[in-house]
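Q: The structure that follows is given in the form of structure tokens.
What follows is calculated from the coordinates using simple rules that are stated; it is not laboratory data. All values reported here derive from a predicted model rather than from experimental measurement. Positions of Cβ are backbone-derived with ideal geometry, glycine not excepted, and every protein chain shown enters the neighbour counts.
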Amino acid sequence: MHPPLTLHKHPMCAQIIEEFQKCHVDHPIAKFFGECTDLKIQLDRCFRQEKAVKRKANFEQSKKLRERLQTLRKETAEISTESSVQA
């Protein structure tokens, strides 16, 4: 199985998706006997690469967010410490 083959969700794999869909249209019976298997393998590899790129981008984004939150926590802790010392 593969995710829905919408071009806007998988821009890196658009060309392979189009070829794969064309293969299924051109070979309605032969697709069940492996006619489009090579394209399916290429598609799976492309999806894996695309997922790895997205995973890396998400990790970098979460790393930045985590650093920002730690900075805010430190600032909040400093402010609360200062206010408790003054009281």
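Q: Can you pull the semi-axes for the chain, root of five times each eigenvalue of the Cα gyration tensor, sorted largest first, whole Å?
A: Numbers: eigenvalues 566, 18, 15 Å².
Over the Cα atoms of the chain, the semi-axes work out to 53, 9, 9 Å.
Q: Please give the contour-minus-distance gain from Thr6 to Lys22: 0.36 nm per residue of separation, less the Cα-Cα distance, rounded to one decimal in nm.
A: On the way: separation 16, 0.36 × 16 = 5.76 nm, distance 1.38 nm.
Extra length from Thr6 to Lys22 when fully extended: 4.4 nm.
Q: Could you work out [θ]222 nm for the chain from helices alone, using -39500 (n - 2.57) per DSSP H run of at least four and dividing by all its residues? Round to the nearest 500 deg cm²/dmol. Spell out each step's value before the answer.
A: Details: 2 runs with 63 residues, N = 87.
Only helices count here, giving -26500 deg cm²/dmol.
Q: What distance in nm separates the two pseudo spin-label positions at Gln49 and Arg73, each 7 Å out from Cα along the beta-carbon direction?
A: 3.9 nm
Q: Using a Förster distance of 22 Å, how high is the FRET efficiency between Gln15 and Glu60, based on the Cβ-Cβ distance and rounded to 0.05? Spell out each step's value before the answer.
A: Values: r = 27 Å, r/R0 = 1.22.
About 0.25, to the nearest 0.05.
Q: To the nearest 10 degrees, how steeply does helix 14-26 sit against the main Cα axis of the chain, on a 0 to 90 scale?
A: Compared with the principal axis, the helix lies near 30 degrees.
Q: Let me ask you something else. Which value in nm describes the separation of the simple spin-label points at Glu82 and Ile29, placed 7 Å from the Cα toward the beta carbon?
A: That separation, rounded to one decimal, is 8.1 nm.
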